[in-house]
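Shown next, in structure tokens, is the structure this report addresses.
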Amino acid sequence: MAKSHKPVVWFPFAAGGTVIAFFIPVIVLLTFMAALGHVPAGLSYEKMHAFAGSGLGKLIIFGVVALSLWSSAHRLRCTFYDFGVRADTLVATILYIAAIAASLLSAAYLLQI
Amino acid sequence: MTQLKQIRVQLEVLRYNPDTDTEAHFQHYDLTCPEEWVVLDALNKVKADIDPTLNFRWSCHMAVCGSCGMMINGEPKLSCHSFVRDYEGTVIRVEPLAHFPIERDLVTAPDDFMEKLKRVKPYIIRKDKKPISEGEYKQTPAQLMKFRQYSMCINCMLCYAACPEYGLTPDFIGPAALTMAHRYNQDSRDCGRAERQEVVATHEGVWECTFVGACSEVCPAHVDPASALQQMKITSSIDWIVEHLIPGGKSAGDTVSREKAGDIK
Amino acid sequence: MSRNPLVRPVPPTSWFFRHPRYLRYMSREITCIFIGAYCVLLVVGLQRLAAGPVAWESFLLGLRSADSIVFHILALAAAVYHAATWFNATHKAMPVQIGEDFVPPNVISGAHYVVWVVLSVAVLFLAGVF
């Protein structure tokens, strides 16, 4: 029995789970306020553009988005198995590729700002 | 002496006779017993007075031996540790431990667990063995506390009956056996983590666990297998990083260098 | 007497109905659906932000639909539930031993909740909510 390479997918899952726990609730709250018509001042185009335009801002946004995407993709993979879908390799391939693609897209958008 | 209060106990017990049955079925038993009794007492009364063909395992009657694990109303429990008064007015459904093959009635086949327990080498492994004349291997109280709770396991297999991942994927090494690996890994006298990683860090090892946490909730000895497995996921991940991403890196569980040293084939 | 063990297979698509704790586990796991979908919304937002002020304003306006409000409520509930389960479990993955004793679990998770609140307030402050 060979040792598993699961840490490759698990470590970013664990990191992403921590990032989600600390940051996603408050980020959802911000866009929820916008959804209710009370757009926070920091969500104006100028403020957001300035934040996403800075190097640190890009890094923070990319880190939060990419790790959260990966963590969700990995957990969804396990959830598929728990719901009885046994095509684990196929499910994993699709979900991980989707997470990587969305992360690359967000990197590309960030670089345009 | 005051008379103990008597209560009516209704048992619904899963029966299976390997010589004649192809399916298991429930059998109803109605009896009166003191409210201080546990489910195991009630089963013993059934066997003594009502139905001598009923089979179940038990030994110590004090939550130490780990023999009398059963599903009681769908919950893995020691039947010597489950008071009938807690179920008063209801039918108590007693089944053999989930996820294990049923040998006969409430008796299950623990072979799979026993084999897996052996595989994790649940004993102290030393690189150097000093003669007895040189005395014992000393340990501080802090070093003892590091693994003490994990050494409380009584091998009752309730955690296997609670773990859905073991039920869905029987190859999974499972909570108690992996926790035993962790118990020895955490022991300051032990040098065997590298050997145990050959089992712990495989797909069937910690990586089959999705941290449901049921194992820790049902453990009658207050061991926390879920924590042991989570900690081993982290150490196994660090091993992986050291082995694969750091040039010349050697982790405690390094397969490559141990193969070269002729340690494993 | 012969050995003829009876194996009762676990139903692969309905096992989680067998016990409330399994439903609790599954509800923790399916938070990832809402959080993942919300991350996709964030990626769309980045695309709109990169496309200029008009696109960004229409993105913000687009959030103001009933569907979006319902989705935000679900995503918020999922994110908070995920956070609670995550913080409550941290002491299992990373116990802290000081001297002989381990730091009590509720101290470790409590510290996480405090940091969580501080970070959230800081983000709200930086976003100009107050």
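The values are calculated or read from the model by the stated rules, or taken from the named source; none is laboratory data. Treat the numbers as computed from the prediction; the structure is a model and nothing was measured. FYI the Cβ positions are ideal-geometry reconstructions off the backbone, even for glycines, and counts take in every protein chain you see.
In summary, C:Pro9 fulfils each of the numbered conditions (1) more than 8 Å from chain A (Cβ to nearest Cβ); (2) at pLDDT 95 or above with the single exception of condition (2). Among the residues of segment B:158-171, those that are surrounded by fewer than 24 Cβ atoms within 10 Å (Cβ to Cβ) and not polar (S, T, N, Q) comprise B:Pro164, B:Glu165, B:Gly167, B:Leu168, B:Pro170, B:Asp171. Taking segment B:96-152 as the search range and keeping residues that are in contact with a Lys or Arg (Cβ under 8 Å, 6 or more places away or on another chain), among the aromatic types (Phe, Trp, Tyr) and modelled with pLDDT of 95 or more, which one is surrounded by the fewest Cβ atoms within 10 Å (Cβ to Cβ)? Looking at the filtered set, the residue picked out is B:Phe147. The number of residues in segment B:1-39 that are within 23 Å of C:Leu6 (Cα to Cα), in contact with a helix residue (DSSP H, G or I) (Cβ under 8 Å, 6 or more places away or on another chain) and touching a residue at least 24 places away in the same chain (Cβ under 8 Å) comes to 2.
Here A:Ala92 fulfils each of the conditions (1) more than 11 Å from the chain's Cα centre (by Cα); (2) facing chain C (nearest Cβ under 9 Å); (3) surrounded by 18 or more Cβ atoms within 10 Å (Cβ to Cβ) apart from (2). Within segment C:72-92, the residues that satisfy the criterion of being within 14 Å of chain B (Cβ to nearest Cβ) and closer than 17 Å to C:Ile33 by Cβ are C:His82, C:Thr85, C:Trp86. Looking across segment B:219-228 at every residue that is at the interface with another protein chain (Cβ under 9 Å from one of its Cβ atoms) and part of a helix (DSSP H, G or I), the one that is surrounded by the most Cβ atoms within 10 Å (Cβ to Cβ) is identified as B:Ala228.
Annotation: of all residues in segment B:192-217 being at the interface with chain C (Cβ under 9 Å from one of its Cβ atoms) and either assigned to a helix (DSSP H, G or I) or over 21 Å from the mean Cα position of the chain (by Cα) (or both), the one that is surrounded by the fewest Cβ atoms within 10 Å (Cβ to Cβ) is B:Glu217.
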